[in-house]
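J.: Have a look at the structure that comes next, please.
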Amino acid sequence: MDPLLFARALVVELAAEHGRGHSGANASSSVVASVAATARAVVASATGAVQAGGPAAKGGGGGAGSHGVSSVSAWNAAIARDFQYAFGLAVVVFLLFVTPLIAGWAANGRWKSGWMLRSSAAEKDAPVAVNEKGEKGTEKVRDAVVMDVFDRPALLQVVPTSALTAYLRTLYNRILLRPFPIFHLTLGQIALCIVYGAVVVFCLFFECLDHLSNFNRTAAVGVGQLPALFLFASKNSALSALGQGYEKMNYLHRVAGRLVVLCGLLHAVFYLVKHPFDLSEPMQQSGTACVIACGLLLIPSVSYVRNTFYQFFLLSHIAGWITFLVGLYYHAPDFATPYLIFCFVVYGLDVVLRVAKTRFGKASIVALPANTLMIQSHTISSGFRPGQHVWLRTWKAGGWWRGWETHPFTIASAPEGASPLQGSHRLTLLVKAAGDYTTALKKAAEVSLGDSSAKVIGCAFEGPYGGPMLTDFADAQSVLLVAGGSGITFCAPILEELVYLATVGKTSVRSVTLVWTMREAELIESYQAFLGGLVEVARERTALEVKISLHVTRAPLNVPPDTRVNATLPSPVPHSTLSLARPSISYVLDDIASDVVSMTTRMNLACGGGIVVGSCGPRHLIEEVRRAVGQVPVAKAVAVGGIVVCGETFGW
Ligand SMILES: Cc1cc2nc3c(=O)[nH]c(=O)nc-3n(C[C@H](O)[C@H](O)[C@H](O)COP(=O)(O)OP(=O)(O)OC[C@H]3O[C@@H](n4cnc5c(N)ncnc54)[C@H](O)[C@@H]3O)c2cc1C
């Protein structure tokens with residue numbers, strides 16, 4: 001039997017089965033029947049017994065045009081269902097790819113934290129003290145009292161990466177991680193969007209070229225995408241098992257959302273070409289509600305509107321999807337109900353988990369230099385991992401009407417039990433006054449002259465979410481952390497935890513380099529004691545090498561103008577450098593890679609243990625990091641064991 005002929009005939013036969021509307025439990029038996037029927041038909045055709053095969057010849061009706069209305073509906077429903085299979089299959093394939101990472105993550109036990117914020121009995125519900133002048137708060141984000149650890153434990157052995165993994169990482173970095181010139185996405189993300197779009201287009205046109213007659217096809221394909229759309233948007237969705245937080249999958253939510261809206265609008269247009277617009281018809285009333293909802297969802301989600309009027313975008317989005325789903329229920333109850341149930345279950349679970357992950361309490365709020373402020377919980381000190389973020393809600397600071405708003409902020413402190421520094425380990429946020437809400441917080445933080453303690457506010461922290469997920473910094477051979485401005489909130493706790501793990505000999509990392517670029521040098525003041533403390537611990541009590549390089553892009557006023565270009569200044573953080581030039585990430589990374597290669601040769605290993613690059617800051621910085629990683633020569637990138645990149649931007 002000719003396999004190609006068999007495959008072709010099988011596709012036609014399966015398509016015919018869908019056309020006959022098999023579903024649920026019948027689906028598998030119909031597939032078996034199709035395979036058997038196809039095999040019989042192909043064998044028969046090979047022996048000349050059958051002149052013309054396929055559903056049309058058997059009167060099954062393969063094309064939508066030849067179907068009756070119910071048959072066409074069955075086809076559309078089958079296509080919408082097939083979209084779920086395709087989506088499920090894609091998730092399974094991705095899961096297979098990340099299985100080794102999940103296994104490693106499960107084995108090292110670090111998966112246990114990072115789910116629920118926890119309070120510590122040791123933490124007292126007391127505000128932090130402000131400085132003697134009472135002007136700018138404590139002027140430091142963290143205490144820097146060094147723990148009493150006097151031995152210098154050996155670090156874990158470097159585990160060489162397999163050559164295959166190193167090659168795959170390098171290939172990924174050079175091709176898929178490359179920044180795409182528009183949309184602020186990588187080539188890999190664009191490729192994923194194209195694949196998603198291609199599946200949607202295939203579903204739209206498979207056995208359906210006359211969309212004016214079969215105007216329900218566009219609607220079916222739109223509705224079929226709703227489960228994926230909701231899964232991509234949920235903070236607590238099962239898709240997090242793929243190792244990507246909801247914030248990193250937001251671009252897929254946007255793509256799916258736009259395609260759902262496009263399908264909905266096309267459905268309305270195709271329908272109206274052949275039918276008069278008549279709002280007295282209940283079907284058209286619900287359809288019109290859906291079209292209005294599409295407008296509410298689409299227009300405010302345009303990047304400019306979303307970034308400039310975020311709360312307006314959020315309100316219209318909520319109003320839009322509620323209207324859309326209710327309208328859809330009345331428009332096509334039979335077809336849409338299973339999809340609506342799925343969406344409500346996903347959303348309902350998300351809400352329940354969000355409530356379960358919310359901790360109400362008090363926090364101190366302190367104004368810091370460089371237009372920033374610190375918010376420190378009075379009780380929460382564990383249950384999160386370095387690099388994760390929480391959503392903050394306040395109801396007095398910033399005005400009572402802001403009580404409904406929540407804003408995401410990265411946790412700027414390492415949890416209790418993951419820091420080499422003594423003192424409080426309360427959950428701390430470092431906030432840059434960027435717009436209305438954060439500026440209002442900054443005003444609320446200002447204390448009067450003579451006040452000895454910081455302002456205290458009531459607030460709720462929801463989280464933790466996101467972070468490095470499956471990327472484990474502690475298992476690499478070398479780590480590079482690149483922070484831009486307040487992006488230090490992501491990098492500092494990772495550095496803090498690595499130094500702690502080195503004090504107890506639980507990391508294989510040999511060197512960590514922190515490159516922190518900021519506009520105003522005053523920002524360093526908030527972290528000066530903390531970074532100094534970490535460097536001191538690392539130098540005196542661990543075998544870990546910590547290098548800190550600070551870069552200020554706006555020269556301090558006390559530096560004479562003629563000496564400002566690329567000047568090097570004395571750094572307030574011991575054993576670090578401070579310069580007035582932007583860093584060259586390529587150069588720094590190449591240097592680190594060379595060090596790892598020579599260390600690997602000295603250790604007599606076939607391959608290095610890998611470099612992990614963590615970065616957080618403005619988009620251009622993240623893209624520069626990605627470019628720099630892609631530019632490391634292949635041989636060198638493979639020799640170090642591959643480079644893993646883990647980036648965070650403060651936006652979507
Ligand atoms: C995962 C993540 C982590 C972050 N971590 C920090 C941090 O550690 N420190 C820090 O200073 N900033 C952080 N941000 C940015 C911070 O959330 C925004 O600066 C803040 O919400 C701005 O609110 P605003 O009203 O003052 O400014 P606006 O002028 O209203 O907004 C400024 C920007 O923030 C976005 N934004 C506004 N409100 C929200 C919201 N409720 N949810 C999501 N985005 C919003 C807007 O789209 C716009 O791009 C983080 C953002 C994200 C997504």
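The values are calculated or read from the model by the stated rules, or taken from the named source; none is laboratory data. What you see is a predicted model; the values in this text were computed from it and never measured. Neighbour counts are summed over all protein chains in view; Cβ atoms, including those assigned to glycine, are modelled from backbone coordinates with ideal geometry. Ligands, DNA and RNA are stripped out before the accessible areas are found, and what is left, the full protein with its side chains, is counted by its heavy atoms. Shrake-Rupley method; radii C 1.70, N 1.55, O 1.52, S 1.80 Å.
J.: Put a dot 7 Å past each Cα toward the Cβ at R627 and V273; how far apart are the dots in nm?
T.: Rounded to a tenth, the inter-label distance reads 4.5 nm.
J.: Take the cross-link list K235/K362; K362/K432; K112/K455 and give me the ones stretching past 26 Å between alpha-carbons.
T.: Among K235/K362; K362/K432; K112/K455, the Cα-Cα distance tops 26 Å for K112/K455.
J.: Got a sec to turn the phi values of the stretch 236-252 into Karplus ³J(HN,Hα) couplings, 6.51 cos²θ - 1.76 cosθ + 1.60 with θ = phi - 60°, whole Hz, x for Gly and Pro?
T.: Coupling constants for the stretch 236-252: 10, 9, 4, 5, 4, 4, 6, x, 10, x, 4, 5, 8, 9, 4, 5, 6 Hz.
J.: Place the peptides 643-649, 239-245, 355-361 in order of packing, highest mean first, counting for every residue the other Cβ atoms within 10 Å and averaging per peptide.
T.: 643-649, 239-245, 355-361
J.: What residues have an amide H closer than 5 Å to that of T186, excluding those fewer than 5 places away on the same chain, when H is modeled at 1.01 Å from N in the peptide plane?
T.: Residues meeting the criterion, in which the H sits 1.01 Å from N, are F180.
J.: Please list, in order along the stretch 415-427, the HN-Hα scalar couplings obtained from phi with the Karplus expression 6.51 cos²θ - 1.76 cosθ + 1.60 (θ = phi - 60°), rounded to whole Hz, x for Gly and Pro.
T.: x, 4, x, 10, 9, x, 9, 7, x, 6, 10, 5, 4
J.: Which peptide among 209-221, 434-446 comes first, and what is the full order, when sorted by highest mean count of other Cβ atoms within 10 Å?
T.: Listed from highest to lowest mean packing, they are 209-221, 434-446.
J.: Could you put K636, K547 in order of accessible surface area, largest first, with the 1.4 Å probe and the full protein assembly present?
T.: Largest to smallest exposure gives the sequence K547, K636.
J.: Roughly how far apart, in whole Å, are the Cα centres of the stretch 306-321 and the stretch 158-178?
T.: 40
J.: Now for a separate question. How high is the FRET efficiency between H620 and L209 when r is their beta carbon distance and R₀ equals 45 Å, given to the nearest 0.05?
T.: Once the sixth-power term is evaluated, E becomes 0.50.
J.: Just to be sure I understand the model, the point goes 7 Å from the Cα along the line to the Cβ. What's the resulting Y85 to R554 distance in nm?
T.: Distance between the two pseudo-spin positions: 5.9 nm.
J.: Continuing with the same structure: Sorted by packing (mean other beta-carbon atoms within 10 Å per residue), highest first, where do 300-306, 540-546 land?
T.: Averaged packing, sorted descending, gives the order 540-546, 300-306.
J.: Whose amide H sits under 5 Å from the amide H of S511, counting only residues 5 or more places off or on another chain, with H placed in the peptide plane?
T.: Those qualifying (amide H under 5 Å, at least 5 residues apart or on another chain) are V479, E545.
J.: Using the Cβ atoms and a cut-off under 14 Å, what net charge is assigned to the surroundings of F335, where Lys and Arg are +1 and Asp and Glu are -1?
T.: +1
J.: Got a number for the accessible area of V255? Probe 1.4 Å, square angstrom, nearest 10.
T.: Surface accessible to solvent at V255 totals approximately 40 Å².
J.: Sticking with this one: Less than 12 Å Cβ to Cβ from Y172, Lys/Arg counted +1 and Asp/Glu -1: what total charge do the surrounding residues give?
T.: +4
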